[in-house]
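Scroll down for the structure; my scribbles are underneath it.
The values are calculated or read from the model by the stated rules, or taken from the named source; none is laboratory data. Here the structure is a predicted model, which is why all the values come from computation and not from measurement. Here the Cβ is made from the backbone with ideal geometry for all residues, glycine too, and neighbour counts use every protein chain on show.
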Amino acid sequence: MANRVISKLDLDILGEIGNIGSGNAATALSEILNRPVLLTVPKIKLCEIQEIPETLGGAEEIRTGVFFGVSNALNGYVLFMINGEDAQKIKNTVAGKYDIDVNSVVSEVANIISGAYIGALATMIDNKIDLTPPEVGQDMVGSLIDGLVACVCSYADKTVIISTTLTIDNEKISGFYILLLEEESLDNMLDYFNSIVKNNDYD
Amino acid sequence: MIMTNINVGMGELHVSKSPDVVLIAPGLGSCIGLIMYDPIAKIGGMAHVVLPDSANAKSNNVLLGKYADTAIPGLLNSLLKIGAKKSNIMVIMAGGAQMFNLDKGSNILNIGMRNVIAVKAALSKEKLNVKSSDTGGNTGRTLRIEISTGKAYVKSIGQPEGEL
């Protein structure tokens, strides 16, 4: 997208996609865990690249990151990021006292969320979207995110960040679930939904 | 002396001749923190390079530090403008890690390594040599330089900060 200006309608569309995606993700996770799961209404932010690490908690803050590649009809990345304490909370809530590696539990939870979220998005655009298996790592926010930013911002200096936070069994997990789409994919997706909205005389 | 920390974010470029300034590129993954310093004039600068090549950039792009091929001449010219001498300039760089192993196309694969190669190529075009560097691997880094001394330090998680 050489020069798309993100409109008010675009932001509404992204918000609604985030809502449906995170609703699905919460249901899927809740069914598997058999516990109440809530995902907050997603925040949509159009970010200058130099602001991204601060938006996600601070460039030098240490986080556990679970990362997925998105391909086929849409290209981009999904990143699930939480701090160590909240990773432990997820592990305790999900696996109780069982001796399971924290990273595996976090990665599996992120996997369920991503599958449901991206699945909902695929249904909405009536097309196929693939997710790679998760990759987990611990490092500074800036270093976890900069390679992805490089890939989605090779033309423009701004990108849309869609993020939500997670609550399992009343334990608030203040993490970020982030969808970053490559410029062309974001553009195509917004055009697709814009045309649907306009054809339906949506007001 | 009270030090002033200045964050150099993704795509940014900053130069200074104030002795109280410390320039910092926090949380470098595949990005490169590039320092140029004139030890005689005690003038220095830093660029936070995100990508190798500006070929596809928007024409009205103003983030000089974002691409290797614009950051090196951009940083050099900004330093010369405030009194640095090209023959004195020494270069220090850190970053260019590969944070995730993901087999999805070739773009994200080795973006760090591609950045290192592009920065080195742009430096040799300007006939500038790298004095010291810490690149590659798979851990994040924070790079900083004190303008008063020209001393540069690099820090990774779980490791003490070391001088470069």
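Tabulated data for the structure shown
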| item | result |
| --- | --- |
| Every residue from the range B:130-153 that is in a strand (DSSP E or B) and within 12 Å of chain A (Cβ to nearest Cβ) | B:141, B:142, B:143, B:144 |
| Matching option when the condition is in contact with an Asp or Glu (Cβ under 9 Å, 6 or more places away or on another chain) and either under 14 Å from residue A:173 (Cα atoms) or surrounded by fewer than 20 Cβ atoms within 10 Å (Cβ to Cβ) (or both), among A:41, A:70, A:94 | A:94 |
| Residue match in the range B:23-39 (condition: outside any strand (DSSP E or B), within 11 Å of the chain's Cα centre (by Cα), within 25 Å of residue A:58 (Cβ to Cβ) and within 14 Å of chain A (Cβ to nearest Cβ)) | yes |
| Count of the range B:112-164 residues which are in contact (Cβ under 8 Å) with a residue 60 or more places away in the chain and closer than 15 Å to residue B:31 by Cα | 14 |
| Complete set of residues in the range A:122-134 that are touching a Lys or Arg at 6+ places or on another chain (Cβ under 8 Å) and either at the interface with chain B (Cβ under 10 Å from one of its Cβ atoms) or not in a helix (DSSP H, G or I) (or both) | A:132 |
| Residues being more than 22 Å from residue B:49 (Cβ to Cβ), surrounded by 24 or more Cβ atoms within 10 Å (Cβ to Cβ) and either aliphatic (A, V, I, L, M) or within 14 Å of chain B (Cβ to nearest Cβ) (or both) - total across the range A:135-176 | 1 |
| Candidates A:130, A:126, A:99, filtered to the one that is free of Cβ contacts under 8 Å to residues at least 24 places away in the same chain, surrounded by fewer than 19 Cβ atoms within 10 Å (Cβ to Cβ) and on the phi < 0 side of the Ramachandran plot | A:99 |
| Qualifying residue in the range A:5-23 (condition: without any contact (Cβ under 8 Å) to a residue 24 or more places away in the chain and either touching a Cys at 6+ places or on another chain (Cβ under 8 Å) or closer than 30 Å to residue B:65 by Cβ (or both)) | yes |
| Unmet requirement for residue A:117, which otherwise passes all of (1) more than 7 Å from chain B (Cβ to nearest Cβ); (2) surrounded by fewer than 19 Cβ atoms within 10 Å (Cβ to Cβ) | (2) |
| Residue within the range A:86-107 that is more than 10 Å from chain B (Cβ to nearest Cβ), under 21 Å from residue A:19 (Cα atoms), touching a helix residue (DSSP H, G or I) at 6+ places or on another chain (Cβ under 6 Å) and not polar (S, T, N, Q) present | no |
| Given (1) modelled with pLDDT of 90 or more; (2) part of a loop (DSSP other than H, G, I, E, B); (3) more than 21 Å from residue A:10 (Cα to Cα), number of the condition residue A:112 does not satisfy | (2) |
| The listed residue being at pLDDT 85 or above and of a type outside the set (Asp, Glu), out of A:120, A:156 | A:120 |
| Tally, over the range A:177-196, of residues that are β-branched (Val, Ile, Thr) and surrounded by 15 or more Cβ atoms within 10 Å (Cβ to Cβ) | 1 |
| Some residue of the range B:64-79 being out of contact with any Pro (no Cβ under 6 Å at 6 or more places or on another chain), more than 22 Å from residue B:143 (Cα to Cα), within 14 Å of chain A (Cβ to nearest Cβ) and not hydrophobic (A, V, I, L, M, F, W, C) | no |
| Residue match in the range B:40-58 (condition: within 13 Å of chain A (Cβ to nearest Cβ) and hydroxyl-bearing (Ser, Thr, Tyr)) | yes |
| Every residue from the range A:102-114 that is free of Cβ contacts under 8 Å to residues at least 60 places away in the same chain, among the hydroxyl-bearing types (Ser, Thr, Tyr) and either touching a Phe, Trp or Tyr at 6+ places or on another chain (Cβ under 7 Å) or surrounded by 17 or more Cβ atoms within 10 Å (Cβ to Cβ) (or both) | A:107 |
| Total residues in the range B:89-112, condition facing another protein chain (nearest Cβ under 10 Å), at pLDDT below 80 and out of contact with any strand residue (DSSP E or B) (no Cβ under 9 Å at 6 or more places or on another chain) | 2 |
| Per-region count, the range A:24-69, residues in contact with a Cys (Cβ under 6 Å, 6 or more places away or on another chain) and over 25 Å from residue A:193 (Cβ atoms) | 0 |
